[in-house]
């Protein structure tokens, strides 16, 4: 039995796929990712987790309670979503959902498949401009495009290889086991890796530029985040740590995306 279990575990891990989730774009994101769970199952888990968050917000009377803020976030998202095709041709056709939550917390997220939530405290406390909001949304959308949640859940599964083995033995698809809980945990509690944060930063920079938002606003956004961290660390920074290094990296990539921003302005004119 022990030998059989070992064989099953080995086969389960070998079944994982190394994929390129996005095109490199102007910023040159080319890292391949190892996935142990399917894209479809993670999106199903995300839909369930997001629906739970939306329902709770409705119950509390906090979902889209500020119509002006919700309209503003949806307008900015509406400019970003079409340009996601530069990285993933399928992304503009995702079943995007964009909502706001009335809370003093400074936070925002985009779950797999394009499920976006922006907390009112993020915009109000940091007094964000439209371009700075676009920087936040571009960053979060980039996490979704790169399937960083799927990658992190896969790493969790790899670390708990016995769970995968049990699932295979019992005929249960490991990709659908407690995925809603895993997606929620990854979204709200666990920090992204530096590698994932760096990818989301520069991809988000390109997205906002393509959508006609000045990429320099990403710098002022993170300067505001660092200032907020010194007074009272916002929830957003528990999973997206701020640092002077990431600002320097953003500054390094701005020349790559400025032509895209200028082209977008020309197209608007």
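Quick check on the range 58-78: of everything there that is closer than 25 Å to residue 242 by Cβ and under 20 Å from the mean Cα position of the chain (by Cα), which residue is surrounded by the most Cβ atoms within 10 Å (Cβ to Cβ)?
Of all residues in the range 58-78, those closer than 25 Å to residue 242 by Cβ come to 69, 72-73, 76-77.
Applying the additional criterion that residues be under 20 Å from the mean Cα position of the chain (by Cα) yields 72-73, 76-77.
Details: 72: 17, 73: 26, 76: 23, 77: 22.
Among those residues, the one meeting the criterion is 73.
Tally time: how many residues in the range 114-127 are under 14 Å from residue 53 (Cβ atoms) and either touching a helix residue (DSSP H, G or I) at 6+ places or on another chain (Cβ under 6 Å) or at pLDDT below 95 (or both)?
Of the range 114-127, the ones under 14 Å from residue 53 (Cβ atoms) are 115-119.
Cutting the leftovers down to either touching a helix residue (DSSP H, G or I) at 6+ places or on another chain (Cβ under 6 Å) or at pLDDT below 95 (or both) gives us 115, 118.
The total comes to 2.
If residue 51 meets every condition in (1) farther than 16 Å from residue 207 by Cβ; (2) part of a loop (DSSP other than H, G, I, E, B); (3) at pLDDT 95 or above apart from one, which number is that one?
The one condition residue 51 does not meet is (2).
Spot the failing condition for residue 18; the list is (1) out of contact with any helix residue (DSSP H, G or I) (no Cβ under 6 Å at 6 or more places or on another chain); (2) at pLDDT below 95; (3) part of a helix (DSSP H, G or I), and only one is missed.
(3)
Taking the conditions exactly as written (touching a strand residue (DSSP E or B) at 6+ places or on another chain (Cβ under 8 Å), surrounded by 22 or more Cβ atoms within 10 Å (Cβ to Cβ), more than 22 Å from residue 76 (Cα to Cα) and modelled with pLDDT under 90), does residue 153 satisfy them or not?
No; evaluated as a whole, the condition is false for this residue.
Of everything in the range 212-233 that's without any contact (Cβ under 8 Å) to a residue 12 or more places away in the chain and part of a loop (DSSP other than H, G, I, E, B), which residue is surrounded by the most Cβ atoms within 10 Å (Cβ to Cβ)? Reasoning before the result, please.
Restricting attention to the range 212-233, the residues satisfying the condition of being without any contact (Cβ under 8 Å) to a residue 12 or more places away in the chain are 227, 230-233.
With part of a loop (DSSP other than H, G, I, E, B) added as a condition, the list becomes 232-233.
Working: 232: 8, 233: 14.
Going through the qualifying residues, I end up with 233.
Given the conditions (1) at pLDDT 95 or above; (2) buried (at least 18 other Cβ atoms within 10 Å of the Cβ); (3) not in a helix (DSSP H, G or I), report the number of the one that residue 95 does not fulfil.
Unmet condition: (2).
When you scan the range 68-89, do you find a residue that is closer than 15 Å to residue 115 by Cβ, in a loop (DSSP other than H, G, I, E, B) and at pLDDT 95 or above, even just one?
no
The values are calculated or read from the model by the stated rules, or taken from the named source; none is laboratory data. Note that this is a predicted model, so its numbers are computed, not measured. Cβ sites come from the backbone with ideal geometry, for glycine too, and all protein chains shown count toward neighbours.
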